[in-house]
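Each remark here refers to the structure printed beneath this line.
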Amino acid sequence: MTRRGFIKLSGITAIALSGCSGDYLGVSDFESKPFSSALSIPPELKGTLVNGKKLYKLNAQDGLSHFFENITTPTRGLNGALLGPTIRVDDGDEVDFEVTNSLNEPLALHWHGMHLPAKMDGNAHQEIASKQKWTSSFTINQKACTNWYHPHTHKKTAQHVYQGMAGFIIINDKESDAIDLPKTYGVDDIPIVIQDRSFNDDGTLFYSAGSGMGMSSMRGMLGDVIIVNGVVNPYLEVPNKEVRLRILNGSNARFYTLKLNNNKSFKQIASDNALLESSVEMSEVKLTTAERAEIVIDFTNDAGKEFILSDIDAGFDILKIKVSKNATSTTKTPSKLIDLSSVIADKTQAVKTRVFELNMRQMRFTINGKLFDKDRIDETINVDEVEIWEIKNLSNMVHNFHMHATHFHIIQRSDREVPLNERGLKDTVFVPPKESVKVVLVMRDYTDSKSPYMYHCHILEHENAGMMGQFVVV
Ligand code: C2O
Ligand code: CU
Ligand code: CU
């Protein structure tokens, strides 16, 4: 048994530590007073118009971050030392995302949740050599939602994300603009990325891919410190009105079930790739890695109050929300939001069902018995053909399943009825041990027999280890 470090954040964190698995080697014991730092809001990157297209520049770089007082941690970010700016786009925009790789090693930067041509996907086939540039050009062609970007470097995705590279992509469209939702960025419309990290005594990030270290570390890298938008246990001051949180689980491996104290409920208004048809009243929301949930919390009658958002799975406190500002406007989120019937594939039209078996054999994470091979196309999809994908988790371990460029609709879960908040458009779905999930999907464009997209478990250590396959659209 290795020495288990102890982070003196709060009582609840200590409880969390004893409950979570993973071997922590040389973890530090930095002191941090909970909720003493303000949540940082990533700056917006709105793009500059060049020849009718919007140009967005991102520079992947090394930097230094300060998670704890007087401690310096080397990290990586986009246009800064940690994380990256929030890319804002509108449906219909022609965009150029220009990525400069200032790191001393190759990097791929993937646009998670974006519906785009495979060559523009930023997956391992579009790696950018050190000191080189790559531009992803496409037209935004999807519903308003909260997406994100993160590294997708061959066999290095997990490390690169862990080092700090990730950011939001927020898509707006006319339909969502017309709905009376909170939309003032940083005021009542707040992006929240939740991640976990561990630290060595010298302040550097502790990372273990966990391979060959027994069952607990096969689960993936689980950190013992929660960072939210790059800040340890932050607080957020909000006005006494409806507040929208765009929550992303940007962790490598940890899943969260998020809940507010005092049983304060909220409405979920969006899943990964679109608003829900109707808002769903919730008291907690589960997010596996890479999943997003947009929620609206009504603080209208809570002036002066404080709430704590915590993870009830491991007992971590995530964020303190202080209702300490006077609202200067109001919003009234309606219960009926949008109509998804034109974008959800009709399951009665399905021409085939593909089965994907997630498994672990001889310590190898596989999909349909295979490890990832960059030179192998696993599935060929015909454009415009509706398909059902059945994802079966044959293992005893949790996994999820993400597919690139495609937004699916969950039609069946073996473990329970499909919950209301999962009945929209998604790109990542939780598949509990020994359970299965059926989704319906259709790819309506971007045929290219040479350039594959990926599907994989979004526990990044599993993806790195080969739990990933490739498909083309023809
Ligand atoms: Cu979020 Cu293949 O990735
Ligand atoms: Cu993706
Ligand atoms: Cu997995």
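Values in this text are rule-based calculations from the coordinates and carry no lab data. Note that this is a predicted model, so its numbers are computed, not measured. FYI the Cβ positions are ideal-geometry reconstructions off the backbone, even for glycines, and counts take in every protein chain you see.
May I ask what percent, to the nearest 5, of DSSP beta bridges between residues of the chain are antiparallel?
Working: 91 of 130 bridges.
The antiparallel fraction comes to roughly 70 percent.
How large is ³J(HN,Hα) for each residue in segment 307-317, as worked out from phi by the Karplus curve 6.51 cos²θ - 1.76 cosθ + 1.60 (θ = phi - 60°), to whole Hz, x for Gly and Pro?
Couplings: 10, 10, 8, 10, 9, 7, 6, 10, x, 7, 7 Hz.
In the structure displayed, which of LYS352/LYS426; LYS53/LYS370; LYS183/LYS434 lie more than 29 Å apart, Cα to Cα? Provide the component values of the computation, followed by the final result.
On the way: LYS352/LYS426 20 Å; LYS53/LYS370 41 Å; LYS183/LYS434 40 Å.
Among LYS352/LYS426; LYS53/LYS370; LYS183/LYS434, the Cα-Cα distance tops 29 Å for LYS53/LYS370; LYS183/LYS434.
Going by C-beta contacts inside 10 Å, put SER414, SER335 in order with the fewest on the left. Intermediate values should be presented prior to the final figure.
Working: SER414 14, SER335 11.
In order of increasing Cβ crowding within 10 Å: SER335, SER414.
Counting only residues 5 or more places away or on other chains, whose amide H sits under 5 Å from the amide H of ASP93 once H atoms are built in the peptide plane?
Amide H to amide H, under 5 Å and 5 or more residues apart or across chains, ASP93 pairs with ILE140.
Ignoring everything except DSSP H segments at least 4 long, calculate the 222 nm mean residue ellipticity for the chain; use -39,500 (n - 2.57) per segment, divide by total residues, nearest 500. Please list the in-between numbers first.
Details: 5 runs with 28 residues, N = 474.
Helix-only estimate at 222 nm: -1500 deg cm²/dmol.
Rounded to a whole number of µm²/s, how large is the Stokes-Einstein D of the chain at 4 °C and 1.567 mPa s, given Rh as the Kirkwood radius over C-alpha pairs? List each step's numbers first, then the result.
Values: Rh = 22.5 Å.
The calculation lands on 58 µm²/s.
Lysines within cross-link reach of LYS57: Cα-Cα under 22 Å, excluding same-chain residues under 8 positions apart?
Counting by Cα, and skipping residues close in sequence, LYS57 has these lysines nearby: LYS46, LYS119, LYS131, LYS133.
Convex hull volume of the Cα atoms in segment 347-473, per residue, in Å³? List each step's numbers first, then the result.
Details: hull volume 12.3 nm³, N = 127.
Dividing the Cα hull volume of segment 347-473 by its residues yields 97 Å³.
When only C-alpha pairs under 8 Å and at least 6 residues apart count, what is the relative contact order of segment 347-473, in percent?
Once divided by the residue count of segment 347-473, the mean separation gives 33 percent.
Starting with the highest mean, order 72-85, 112-125, 320-333 by the number of other Cβ atoms within 10 Å, averaged over the residues of each peptide. If you can, show how the numbers build up before the last one.
Working: 72-85: 21.4, 112-125: 23.1, 320-333: 16.1.
Ranked by mean Cβ neighbours within 10 Å, highest first: 112-125, 72-85, 320-333.
Any aspartates and glutamates with Cα under 14 Å of the LYS286 Cα? List them, leaving off those in the same chain fewer than 8 positions away.
Cross-link targets: ASP272, GLU294, ASP311, ASP313, GLU422.
Say the dipole of the chain comes from +1 at the beta carbon of Lys and Arg and -1 at that of Asp and Glu; which of ALA345, PRO452, GLY369 then lies farthest toward its positive end?
So the residue we want is GLY369.
Summing +1 for each Lys or Arg and -1 for each Asp or Glu, what net charge is found among the other residues whose Cβ lies under 10 Å from the Cβ of ALA405? If you can, show how the numbers build up before the last one.
Values: positive: none; negative: ASP121, ASP427, ASP445.
Local net charge: -3.
Which whole-angstrom value gives the distance between the alpha carbon centres of segment 301-354 and segment 103-160?
Spelled out, the Cα-based centre of one part sits 26 Å from the other.
Peptides 231-242, 358-369: what's the order by average Cβ count within 10 Å, highest mean first? List each step's numbers first, then the result.
Values: 231-242: 21.1, 358-369: 16.2.
By packing density, highest mean first, the sequence is 231-242, 358-369.
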